[in-house]
Amino acid sequence: MRKLTMLAVVCTFLFSGVYAGGYQVGLHGQKQIGMGLVGTSLTFDASSMFYNPGGLSFMKPSYSFALGVSPIRSFTVFRKNAPSDYTASTDNPLGTPFYFYGAAKINDRLSAGVAVNTPYGNSLSWGKDWDGRYLIQDLSLKAIFFQPTLSYKINDYIGIGAGFVFATGTFELSKALPVTGANGDGSVSLNGSTSAMGFNAGVLLHPSDKLDIGIDYRSKITMDVTGADAKFTVPATLGGNFPADNKVSVALPLPSNLDFGASYKATDKLLLAISLNYVFWSVYDSLIFDFETNTPALPDSKNPRLYKNKMIFRIGGEYTVNDKLALRAGGYYDPSPVNDMYFSPETPSLNNIGLTAGLSFKPVEKLSIDLSFLYLMGMEADKNYTPDNFGGTYKSRIYIPGFGLTYNF
Amino acid sequence: MLLVAVSCEPKLDEFVPSSGSADFSKYVSLGNSLTAGYADGALYTSGQSYSYANLIAAQMKKAGGGEFVQPVVTNEDGLLAGKLKLEISTNCLGVSSLGPIPAGGTPTGYPAALAPVGYAVNNFGVPGAKSYHLVAPGYGNPAGLLAIPPTANPYFVRFASSPTTSVLADAFAAQPTFFSLWIGNNDVLGYSTSGGMGDVITAPSLFTLALNGIVAQMTSAGAKGVIANVPNVTSVPFFTTIPYNGLVLTEQAQVDALNAAYGNGLLGISFQLGQNPFVISDPSAPNGIGRRQLKQGEFVLLTLPQDSLRCAGWGSQKPIPGQYILDENEVAAVNVATTAFNQVISDLASANGLALVDVNSFLVNAKSGLVYDGIRFGLTYVTGGVFSLDGIHLTPRGNAIVANEFIKAINSKYNASVPLVNVGDYPGIVFP
């Protein structure tokens, strides 16, 4: 354990992301992160707007503000299918998911607020020269969600809530092209941005003082990027086949989520919680690059993904030491949504086991300093992207410290 | 700090190369131009470095293999022959397009080309060699170059240990623990690449005798090895690039004029709008005029001067000379020989416990396309990426693909774990 703690501390501060399955990110509240990312049935503060808007009306303070950031340091290693002695590892830039929540009780029953966070993203770099460079070199997906939210407590036992989601996103992708010129490989880089809309709705049931049950649904949002820049660098004589300043349209679906959670106050000091998160990943059927100018060498490119719907199991607990200190721990199992036949190094999402710890310290009654740590183990597996005949063994380790503040009054 | 950083990364077990029941400490390769690393119509420095034999040797080195020395040509422009490059050129119609043209430069000519390399080599690939050449004494004797027909080969003269030695004798004298043998291509190709003229297909009995002799000698001191067979000509772009019906007529006036010139169909020669079979020279054509149209299954060689087709009326008003054609009888003879040679090779492999690389089947399957690490290959000329600009020899990536087929066969036969090469580490055809 001490070794693990040391590793966590050291690796974190070396600083650098892929975390939850696929390109979904589950880092939206330091308290929830500390408890295995369980959140659906918890009513800590304004962060309920993301985890379950139905729970917002159950928060105790009149005003609640929370902000936080979770820098992600991720490492994925790769060994090519045997017989090969080729290995590679990612040198991922630091991913920085963040959140900001502000909510207020309008009256005893109605609460309102706004949430800003980053539920989806991916940033990875395999380098320019690695062996999978014709599949992917660098990728960055970033999405920021703005969610104005209303929550209504019907009675002491049931609260409902919903938020409208406005999402903005950017993507950048670069890969090598297998055409050889005097200076080596050709290359293509794509980048674009877009915005889209969706919603988040939930119900919180509070049948007794000890038990909370939450159900939350977050809608699918399709990020349709049209007219993104597609820059090709190829030998001059192939310029006609790969117009230098082409445009591309691409649609990336952000899957819907159905979450169920329950939490139980075992004692005055001990809170236990579980949740089941069902992610509708099957919407990610294929990644299609629709180029504005097609040529015989540059048709639109349809890349199968065939993701599968997956259930994530989470468990966590919180122990309130005293008025100033609460400790948390948790864990979860997040199976890979990626189809075994179509596992691309662009999103090397493995079966993940997450271990979490966290604490909150209240120097004064209204302010809470929230810290968390998530250690994510991507379990070693042999995977292939069959259309490109590229595969091998992947394994990943991800270190995510989280820092947050909550101000309630 | 580095140690700390490494510990953050997850670890995967390392791949452990092994030689299995083989011993790669001294590997020698025997063969022809393919083994030598000939490419783009020439033997030149970088092309040699990408020879499949050199690539295999580098991988064997990870499994106990030793140094692999090639008779290096210290001229990137070529030895004797100059190489081709891809460049935009203007044809006789004034149309510019991308195609192979002589790369120029200054290839090493006679007599410098014959200068002995002065060291012992591991790669006994000799451009132009046929099966029986490998066992022929004096094949490296410069005096034999002047004989008619020549009894020596300038490429072997460079590294033959003596004027009287043979390729086989030198290869055996290197005391290999492991050898590769890929020979036989020229036994049919020499015939085919000359359009069946000026060369003959090696008699199966002679081929059998030569190969038995080579394998018997090479295995006599306990060496293990791998042997590869001969691809069918229909897998090679040298034969498949120009279609038999590549005469495209776009104007009715052309069609009418040609039909009139050939007796309006009475001679069995007729034309229509669109694609038409080329007219070739065939002294035994049944119409008695020594010309006929090509049939499906017959091949036009890549060496055919394209401007003669475009501007000199070849293939329509004038027949294409037979030296550029592999006609149906010749194709049949080549197929029979290829099948016979490959049977000999496969029998020898089983009788001597050698690994067998079925290059023939591999290329037949490769016609529908190959994909390695996101790189797509085919057997088409230039765009396919496997064959170099001469349409017969391999690109560096083509050599890597072939090297991997050898390695797979070796691993399988000898229960070895020689790592494959990364195809993407090597250049494809270079576009300007």
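The values are calculated or read from the model by the stated rules, or taken from the named source; none is laboratory data. A quick note: this is a predicted structure, and the numbers were derived from the prediction, not measured. Neighbour counts are summed over all protein chains in view; Cβ atoms, including those assigned to glycine, are modelled from backbone coordinates with ideal geometry.
With respect to the numbered conditions (1) over 25 Å from A:LYS269 (Cβ atoms); (2) more than 14 Å from every other protein chain (Cβ to nearest Cβ); (3) of a type outside the set (D, E, K, R), which one is the sole condition not fulfilled by A:PHE361?
(1)
Within the range A:334-352, is there a residue that is in contact with a helix residue (DSSP H, G or I) (Cβ under 8 Å, 6 or more places away or on another chain), among the acidic types (Asp, Glu) and farther than 22 Å from A:THR194 by Cα?
No, that holds for no residue.
In the set B:GLY144, B:GLY125, B:GLY140, B:GLY118, which member is within 20 Å of the chain's Cα centre (by Cα) and farther than 30 Å from B:ASP307 by Cα? Full working, then the answer.
Values: B:GLY144 fails: within 20 Å of the chain's Cα centre (by Cα); B:GLY140 fails: within 20 Å of the chain's Cα centre (by Cα); B:GLY118 fails: within 20 Å of the chain's Cα centre (by Cα).
Being within 20 Å of the chain's Cα centre (by Cα) and farther than 30 Å from B:ASP307 by Cα holds for just one of B:GLY144, B:GLY125, B:GLY140, B:GLY118, which is B:GLY125.
I need the strands (runs of 3 or more DSSP E) fully contained in the range A:236-309, keeping only those with at least 2 residues that are among the polar types (S, T, N, Q) and away from chain B (no Cβ under 14 Å).
Values: elements: A:245-254, A:257-265, A:270-279, A:286-291, A:301-304.
In the range A:236-309, A:245-254, A:257-265, A:270-279 are the strands (runs of 3 or more DSSP E) which contain 2 or more residues that are among the polar types (S, T, N, Q) and away from chain B (no Cβ under 14 Å).
I'm trying to understand the selection: among the residues of the range B:362-387, which are within 14 Å of chain A (Cβ to nearest Cβ) and not small (Gly, Ala, Ser)? If you could, list the steps in order and put the result at the bottom.
Quick first cut of the range B:362-387, residues within 14 Å of chain A (Cβ to nearest Cβ) only: B:365-366, B:368-378, B:380, B:382-386.
Once the filter is applied, which keeps residues that are within 14 Å of chain A (Cβ to nearest Cβ) and not small (Gly, Ala, Ser), the range B:362-387 yields B:ASN365, B:LEU370, B:VAL371, B:TYR372, B:ASP373, B:ILE375, B:ARG376, B:PHE377, B:THR380, B:VAL382, B:THR383, B:VAL386.
Looking at A:GLY161, is it more than 14 Å from chain B (Cβ to nearest Cβ), surrounded by 21 or more Cβ atoms within 10 Å (Cβ to Cβ) and of a type in the set (Gly, Ala, Ser)? Can you show your working first?
Working: more than 14 Å from chain B (Cβ to nearest Cβ): yes; surrounded by 21 or more Cβ atoms within 10 Å (Cβ to Cβ): yes; of a type in the set (Gly, Ala, Ser): yes.
Taking the combined requirement at face value, the residue satisfies it.
Among the residues that make up the range B:79-88, is at least one of them over 19 Å from the mean Cα position of the chain (by Cα) and over 28 Å from B:ASP425 (Cβ atoms)?
Yes; the residues of the range B:79-88 include at least one that is over 19 Å from the mean Cα position of the chain (by Cα) and over 28 Å from B:ASP425 (Cβ atoms).
Determine which single condition A:SER189 fails, assuming it passes every other condition in (1) surrounded by fewer than 19 Cβ atoms within 10 Å (Cβ to Cβ); (2) small (Gly, Ala, Ser); (3) out of contact with any Lys or Arg (no Cβ under 8 Å at 6 or more places or on another chain); (4) more than 10 Å from chain B (Cβ to nearest Cβ).
If we test A:SER189 against (1) surrounded by fewer than 19 Cβ atoms within 10 Å (Cβ to Cβ); (2) small (Gly, Ala, Ser); (3) out of contact with any Lys or Arg (no Cβ under 8 Å at 6 or more places or on another chain); (4) more than 10 Å from chain B (Cβ to nearest Cβ), just (3) comes out false.
Quick one: which helices (runs of 4 or more DSSP H) sit completely within the range A:16-80 and have at least 1 residues that are touching a Lys or Arg at 6+ places or on another chain (Cβ under 7 Å)? Lay out the reasoning, then the answer.
On the way: elements: A:30-34, A:48-51, A:53-56.
Correct list: A:30-34.
Among the residues of the range A:382-408, which ones are more than 11 Å from every other protein chain (Cβ to nearest Cβ) and under 21 Å from the mean Cα position of the chain (by Cα)?
Residues satisfying the conditions are A:ILE400, A:PRO401, A:GLY402, A:PHE403, A:GLY404, A:LEU405.
Could you check, for the range A:318-339, whether at least one of its residues is over 21 Å from A:ILE72 (Cα atoms), within 14 Å of chain B (Cβ to nearest Cβ) and not in a strand (DSSP E or B)?
Among the residues of the range A:318-339, not one is over 21 Å from A:ILE72 (Cα atoms), within 14 Å of chain B (Cβ to nearest Cβ) and not in a strand (DSSP E or B), which makes the answer no.
Residues are listed down the side, and each one gets a yes or a no for (1) surrounded by fewer than 22 Cβ atoms within 10 Å (Cβ to Cβ); (2) within 29 Å of A:LEU190 (Cβ to Cβ); (3) among the aliphatic types (A, V, I, L, M); (4) in contact with a Pro (Cβ under 9 Å, 6 or more places away or on another chain):
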residue	(1), (2), (3), (4)
A:PHE343	no, yes, no, no
A:GLU346	no, yes, no, no
A:ASN351	yes, no, no, yes
A:LEU355	yes, no, yes, no
A:SER360	no, no, no, no
A:SER372	no, no, no, yes
A:PHE390	no, yes, no, yes
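Give the residue that is nearest to the chain's Cα centre (by Cα), with candidates limited to residues of the range A:141-158 that are surrounded by fewer than 20 Cβ atoms within 10 Å (Cβ to Cβ) and farther than 17 Å from A:GLN24 by Cα. Please lay out each step first, then the result.
Initially, the range A:141-158 is screened for residues surrounded by fewer than 20 Cβ atoms within 10 Å (Cβ to Cβ), giving A:142, A:144, A:146, A:148, A:150, A:152, A:154-158.
Now drop any that are not farther than 17 Å from A:GLN24 by Cα, which leaves A:148, A:150, A:152, A:154-158.
Numbers: A:PRO148: 20, A:LEU150: 24, A:TYR152: 28, A:ILE154: 32, A:ASN155: 34, A:ASP156: 33, A:TYR157: 31, A:ILE158: 29 Å.
Of everything passing the filter in the range A:141-158, A:PRO148 is nearest to the chain's Cα centre (by Cα).
Inside the range B:266-385, counting only strands (runs of 3 or more DSSP E) that do not spill past its ends, which hold 1 or more residues that are farther than 20 Å from B:TYR244 by Cα and modelled with pLDDT of 95 or more? It would help to see each step written out before you state the result.
Values: elements: B:274-276, B:279-281, B:291-293, B:355-357, B:370-372, B:375-377.
The qualifying strands (runs of 3 or more DSSP E) are B:355-357, B:370-372, B:375-377.
Check whether at least one residue in the range B:107-122 is out of contact with any helix residue (DSSP H, G or I) (no Cβ under 9 Å at 6 or more places or on another chain), within 18 Å of B:TYR44 (Cβ to Cβ), assigned to a helix (DSSP H, G or I) and among the hydrophobic types (A, V, I, L, M, F, W, C), and report yes or no.
yes
State yes or no: is A:GLY127 more than 9 Å from chain B (Cβ to nearest Cβ), surrounded by fewer than 21 Cβ atoms within 10 Å (Cβ to Cβ) and either touching an Asp or Glu at 6+ places or on another chain (Cβ under 8 Å) or in a helix (DSSP H, G or I) (or both)? Steps first, answer last, please.
Numbers: more than 9 Å from chain B (Cβ to nearest Cβ): yes; surrounded by fewer than 21 Cβ atoms within 10 Å (Cβ to Cβ): yes; either touching an Asp or Glu at 6+ places or on another chain (Cβ under 8 Å) or in a helix (DSSP H, G or I) (or both): yes.
Judged against the criteria, A:GLY127 is a match.
Kindly indicate whether A:ILE136 is crowded, with 21+ Cβ neighbours inside 10 Å and either within 14 Å of chain B (Cβ to nearest Cβ) or under 25 Å from A:ASP370 (Cβ atoms) (or both).
Details: crowded, with 21+ Cβ neighbours inside 10 Å: yes; either within 14 Å of chain B (Cβ to nearest Cβ) or under 25 Å from A:ASP370 (Cβ atoms) (or both): yes.
When the stated conditions are applied, A:ILE136 passes them.
Consider B:TYR262 against the criteria (1) outside the structural domain of B:ILE410 (by TED's automatic domain parsing); (2) buried (at least 19 other Cβ atoms within 10 Å of the Cβ); (3) at pLDDT 95 or above: it satisfies all of them except one. Which criterion is unmet?
In the conditions (1) outside the structural domain of B:ILE410 (by TED's automatic domain parsing); (2) buried (at least 19 other Cβ atoms within 10 Å of the Cβ); (3) at pLDDT 95 or above, B:TYR262 misses (3) alone.
Please determine, by comparing only the residues of the range A:83-102 that are within 14 Å of chain B (Cβ to nearest Cβ) and not in a strand (DSSP E or B), which one is farthest from A:GLY402 (Cα to Cα).
Kept after step one, since they are within 14 Å of chain B (Cβ to nearest Cβ), are these residues of the range A:83-102: A:83-92, A:94.
Cutting the leftovers down to not in a strand (DSSP E or B) gives us A:83-86, A:90-92, A:94.
On the way: A:PRO83: 41, A:SER84: 39, A:ASP85: 37, A:TYR86: 35, A:THR90: 22, A:ASP91: 21, A:ASN92: 18, A:LEU94: 13 Å.
Going through the qualifying residues, I end up with A:PRO83.
Kindly indicate the residue of the range B:49-85 that is surrounded by 20 or more Cβ atoms within 10 Å (Cβ to Cβ) and within 14 Å of another protein chain (Cβ to nearest Cβ) and also farthest from B:ASN122 (Cα to Cα) among those meeting that condition.
B:ALA63
Just give me the residues in the range B:28-57 being under 17 Å from B:LEU168 (Cβ atoms) and of a type in the set (A, V, I, L, M, F, W, C), in sequence order.
Pass one, the range B:28-57, residues under 17 Å from B:LEU168 (Cβ atoms): B:28-32, B:35-36, B:53.
Those that are under 17 Å from B:LEU168 (Cβ atoms) and of a type in the set (A, V, I, L, M, F, W, C): B:VAL28, B:LEU30, B:ALA36, B:ALA53.
Of all residues in the range A:301-330, count the ones that are more than 12 Å from A:LEU359 (Cα to Cα) and of a type in the set (D, E, K, R).
Adding up the residues that qualify gives 6.
I'm trying to understand the selection: among the residues of the range B:87-105, which are surrounded by fewer than 20 Cβ atoms within 10 Å (Cβ to Cβ) and hydrophobic (A, V, I, L, M, F, W, C)?
Filtering the range B:87-105 down to residues surrounded by fewer than 20 Cβ atoms within 10 Å (Cβ to Cβ) leaves B:87-99, B:101-102, B:104-105.
Correct list: B:ILE88, B:CYS92, B:LEU93, B:VAL95, B:LEU98, B:ILE101.
Residue-wise test of (1) of a type in the set (Val, Ile, Thr); (2) over 22 Å from the mean Cα position of the chain (by Cα); (3) surrounded by fewer than 20 Cβ atoms within 10 Å (Cβ to Cβ); (4) at pLDDT below 95.
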site	(1), (2), (3), (4)
A:TYR278	no, no, yes, no
A:ILE288	yes, no, yes, yes
A:THR293	yes, yes, yes, yes
A:ARG305	no, no, no, yes
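Determine whether A:THR356 is in a strand (DSSP E or B), away from chain B (no Cβ under 14 Å) and polar (S, T, N, Q).
Numbers: in a strand (DSSP E or B): yes; away from chain B (no Cβ under 14 Å): yes; polar (S, T, N, Q): yes.
Against the criterion (in a strand (DSSP E or B), away from chain B (no Cβ under 14 Å) and polar (S, T, N, Q)), A:THR356 qualifies.
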